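For reference, the structure discussed in these notes is given below.
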Amino acid sequence: MKNNYTEQQYITEELLALAAANLELDETRKKQMISAYEAVNKVFDDNEEFFKNYTVNVYAQGSLILGTTIKPLPGKEFDLDIVLKVDDSYLNHTPKEIYDEVYRVLSEHGTYEPLLQKKNRCIRINYNSDFHMDILPGCKITSDNSRVMIPNDKTLRDWSRTDPKSYAEWFLNIAEKHQSQFMLAQKWNSVTRASVETEDLPTDVYVKSPLQRTVQIVKRYRDLYYDKRDLTKTPAISSIVLTTILAQSYGEELSIQLALKNALIKLKSLADGYKFKGIKFSVYNPIDLYPDQEKRENFTDSWTDLHYKSFVEFVYDLEKKINAYIHNPKSEETYKSLFGNGYYKQNVQTLIKLDEALKGKPQLSAILSGTARTDASGTINTTTGVKNGRHGFFAE
């Protein structure tokens, strides 16, 4: 398929994709969490008294399923979210009964007893590493869908509805539309995969969608922004709120560059609405189509004025950082302001290695160093034509 992308735009896209890919949980961590998840699942399977008359389904939810994981900042932990669904109607149980039974089984197990922590709706296992597991207990609603009733709040008196599986399907359906036309997919499909793989190149750098990469980039800056702040005064914006807004604002863009720009428009619109008009927007679960809006799952139902104020300040700061990333030719500085320390030089070197592996392709090292020229036919080289400016990541 013919396209109008310039080599400069390809470099921009690859650097963005590399930055996001390097933020992902590494395979060692993923395997460690899968092992932990399987071990917990076995504990419930082996306990003969745990809802012995019912099937119990345990499955992961959140960023692992959506393909939007990011590594925790130094000293922070990754949150592995698990749903434990008892295959019986919620009408036959109270939230407290389900919650207490899950806690009982784990507390009677020598491995988990010292690691447990009771949270509002879930039970947390704090592993002696950089991640913890939150187990959200619940019951089914009907037998013909994946919806789950979970404890409403810390009182454990009422149920509320959710549907992690359908949410993941909704998100991935949006993310993967026109997958074969993604900017990097077109380039990736034009070469032999084996001939361009390098030791430093994440295997899925060309595969993830612009929406998934946008979510990763925004979540990373969210973590950086709130890292040193007092969260009692400036509450952090949850991943589910950001992910939902970004997915709803995604206009099927084929590049990370455009997806990021359009995401900012939506975020800024919501921020401006509160700042200038006092509009307290709500972010509902998009697959919860209950006709009475008050009964729908609202991801912002616990937000106070502090949350909205924090959202405004975060979005305004994010806009500044992305604009600086677009316009500032000192790319290492603007890169680090958006993604944090690490990986900048590695990403540049990865692209140079990739260029060396792609026979006959433009010399990325020349473009990155500012010595590249473009001739009358549009071919990038180092000898003839108009000299290109030093690459600032984003094409204008």
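The values are calculated or read from the model by the stated rules, or taken from the named source; none is laboratory data. Just so we're clear, the structure is a prediction, and the values are computed from it rather than from any experiment. Here the Cβ is made from the backbone with ideal geometry for all residues, glycine too, and neighbour counts use every protein chain on show.
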query = Conditions: (1) farther than 18 Å from residue 47 by Cα; (2) of a type in the set (Lys, Arg); (3) surrounded by 15 or more Cβ atoms within 10 Å (Cβ to Cβ). Residue 85 meets all but one. Number of the miss?
reply = (1)
remark   = Exactly one of 91, 73, 66 is closer than 20 Å to residue 149 by Cα and modelled with pLDDT of 85 or more, and that residue is 91
inquiry  = One residue is enough: does the range 32-45 have a residue meeting the conditions part of a loop (DSSP other than H, G, I, E, B), in the same structural domain as residue 135 (by TED's automatic domain parsing) and at pLDDT below 85?
reply    = no
key: Leading residue by the ranking (nearest to the chain's Cα centre (by Cα)) among those in the range 51-65 that are touching a residue at least 60 places away in the same chain (Cβ under 8 Å) and under 30 Å from residue 341 (Cβ atoms)   = 63
note = The correct count of residues that are within 22 Å of the chain's Cα centre (by Cα), surrounded by fewer than 16 Cβ atoms within 10 Å (Cβ to Cβ) and free of Cβ contacts under 8 Å to residues at least 24 places away in the same chain in the range 282-315 is 3
Qualifying positions in the range 233-280 - more than 22 Å from residue 16 (Cβ to Cβ) and of a type in the set (A, V, I, L, M, F, W, C) = 236, 240, 241, 270, 271, 276, 279
request  = For residues that are among the charged types (D, E, K, R) and under 18 Å from the mean Cα position of the chain (by Cα), scanning just the range 15-35, find the one that is surrounded by the most Cβ atoms within 10 Å (Cβ to Cβ).
outcome  = 24
request  = Considering each residue of the range 122-147, count those that are more than 19 Å from residue 64 (Cβ to Cβ), out of contact with any Phe, Trp or Tyr (no Cβ under 8 Å at 6 or more places or on another chain) and not polar (S, T, N, Q), and give that number.
outcome  = 2
Any hit, the range 3-12, residues being closer than 21 Å to residue 219 by Cβ and among the aliphatic types (A, V, I, L, M) = no
query = Within the range 1-38, which residues are more than 28 Å from residue 340 (Cα to Cα) and free of Cβ contacts under 8 Å to residues at least 40 places away in the same chain?
reply = 2, 4, 35, 38
query = Can you name every residue in the range 66-102 that is more than 19 Å from the chain's Cα centre (by Cα) and either part of a loop (DSSP other than H, G, I, E, B) or charged (D, E, K, R) (or both)?
reply = 75, 85, 87, 88, 93, 94, 96, 97, 100, 101
request  = Please work out which one of (1) farther than 19 Å from residue 264 by Cβ; (2) modelled with pLDDT under 75 is the condition residue 326 fails and give its number.
outcome  = (1)
task = Kindly provide the set of residues from the range 168-220 that are modelled with pLDDT of 75 or more, part of a helix (DSSP H, G or I), closer than 17 Å to residue 257 by Cβ and of a type in the set (S, T, N, Q), ordered by number.
result = 181, 212, 214, 216
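Do you know which residues across the range 216-272 are basic (Lys, Arg) and either at positive phi or surrounded by fewer than 17 Cβ atoms within 10 Å (Cβ to Cβ) (or both)?
If the condition is that a residue be basic (Lys, Arg) and either at positive phi or surrounded by fewer than 17 Cβ atoms within 10 Å (Cβ to Cβ) (or both), then 228, 229, 233, 261, 266, 268 are the ones that fit.
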remark   = Inside the range 245-260, the number of residues satisfying the requirement of being free of Cβ contacts under 8 Å to residues at least 40 places away in the same chain and of a type in the set (D, E, K, R) is 0
key: Selection count, the range 106-117, where residues are among the charged types (D, E, K, R) and either surrounded by 12 or more Cβ atoms within 10 Å (Cβ to Cβ) or touching a Gly at 6+ places or on another chain (Cβ under 7 Å) (or both)   = 1
message = Against the condition surrounded by fewer than 18 Cβ atoms within 10 Å (Cβ to Cβ), closer than 19 Å to residue 133 by Cβ and within 18 Å of the chain's Cα centre (by Cα), how does residue 45 come out, does it pass?
response = no
task = Scan 144, 153 and give me the residue that is in the same structural domain as residue 61 (by TED's automatic domain parsing), at pLDDT below 90 and out of contact with any Ser or Thr (no Cβ under 9 Å at 6 or more places or on another chain).
result = 144
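If I ask for residues that are under 26 Å from residue 164 (Cβ atoms) and either at pLDDT 95 or above or not aliphatic (A, V, I, L, M) (or both), which ones from the range 221-235 would you list?
Here is the first cut: in the range 221-235, the residues under 26 Å from residue 164 (Cβ atoms) are 221-223, 226, 231, 235.
Within the range 221-235, 221, 222, 223, 226, 235 qualify.
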